[in-house]
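Undergrad: Structure below; questions to follow.
Nothing in this text is a laboratory measurement; each read-out follows from the coordinates by a stated rule. Predicted, not measured: the structure shown is a model, and the values here were computed from it. Cβ sites come from the backbone with ideal geometry, for glycine too, and all protein chains shown count toward neighbours.
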Amino acid sequence: MGVPAAIGALYLPVALWVVVGLGLIAAFRRSAPVLVLRLSAVFLALWALFATTTLLWVVANGGGRAILALVRSPFLMFDPRWAPVWALGALGAALVFVIAFLLNQAVGHGFLRLLRPRPLIWPARLPRPRVATALLVYPNDAARAFSFTLVGLRGGLHRKEIVLVSEGLWRHLSPDERVAVIAHEVGHLNGLDGRYLTFVRTLARMMRWDPLLAYLAATLTRREEIRADLAAVGMTRDPLALARALYKVSALSPGEVSPSVVGLIGRDGPRGQRQLLERIRRLVDLADSPEFREGKGA
């Protein structure tokens, strides 16, 4: 009885990973960002467990020969005698997550120390977010905007949301376009992207060798950029203002300011530029939809 029970316990994370993965696929298009990002976090935690455990098992069994043996029979790892390796794998996965979180927080705090931003007045047209949010501008000629979440321990555990824009962005955008950009970043923060998506992207940068993690980070980034665009339009009722802002930011400052924050552009590189054009087209089409045409006519 003991041996089958032990084997079943080792298979449980695999079964849970499959179930979470199927749930993530089902929720990806239709569900709220909070659910999708939390499912992604669980999915990544289990994936990190498998990755670190496999690495430890291979090292413990002789390297190259162990890889060949594992390819021939993947179930070798589920022998009950390897339970200590699974325990070490869990510790290793937890360590990777802690390092990614600390690195993510260090980048955010580093921005505030190095850039020395100053506060801006919150736009009267936008509602104040539920969580304390700082709107800051920093001296830089590039047109950039991004948001992130910082966690503090003074006076108890708390978090603070940051929307950071450059002076170059402020100079080149009209007042309506500025409001649209801030609304886009608030859309990210309301969807918890400042907590989850920035962490996933940091983890993907740390583990460049993992194609699954890179794919998940890129897919989530694309989804959340489109969702934040729609959230911004819901707040401003002006799709063209955001479309113009995206076009100007793309022309003035292509690429991202950092892989560890959620930026207005989304991804960098040629693929990121293609996705940016797709977002602009979506906004233009939305402005031409009956909902917004009728609103303008009224």
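Undergrad: Which of (1) within 22 Å of the chain's Cα centre (by Cα); (2) closer than 19 Å to residue 251 by Cβ; (3) among the basic types (Lys, Arg) is the odd one out, the single condition residue 171 does not satisfy?
TA: All conditions are met except number (1).
Undergrad: Considering each residue of the stretch 110-126, count those that are touching a residue at least 24 places away in the same chain (Cβ under 8 Å) and under 23 Å from the mean Cα position of the chain (by Cα), and give that number.
TA: 3
Undergrad: For the stretch 118-152, enumerate the residues that are assigned to a loop (DSSP other than H, G, I, E, B) and of a type in the set (A, V, I, L, M, F, W, C).
TA: 120, 121, 122, 124, 126, 131, 132, 142, 143
Undergrad: Okay, moving on. Of the residues 220, 197, 213, 192, which single one is of a type outside the set (S, T, N, Q) and at positive phi?
TA: 192
Undergrad: Given (1) surrounded by 13 or more Cβ atoms within 10 Å (Cβ to Cβ); (2) within 30 Å of residue 234 (Cα to Cα), where does residue 56 come up short, assuming only one miss?
TA: (2)
Undergrad: Given the conditions (1) crowded, with 19+ Cβ neighbours inside 10 Å; (2) part of a helix (DSSP H, G or I), and given that residue 219 satisfies all but one, which numbered condition is not satisfied?
TA: For residue 219, the failing item is (1).
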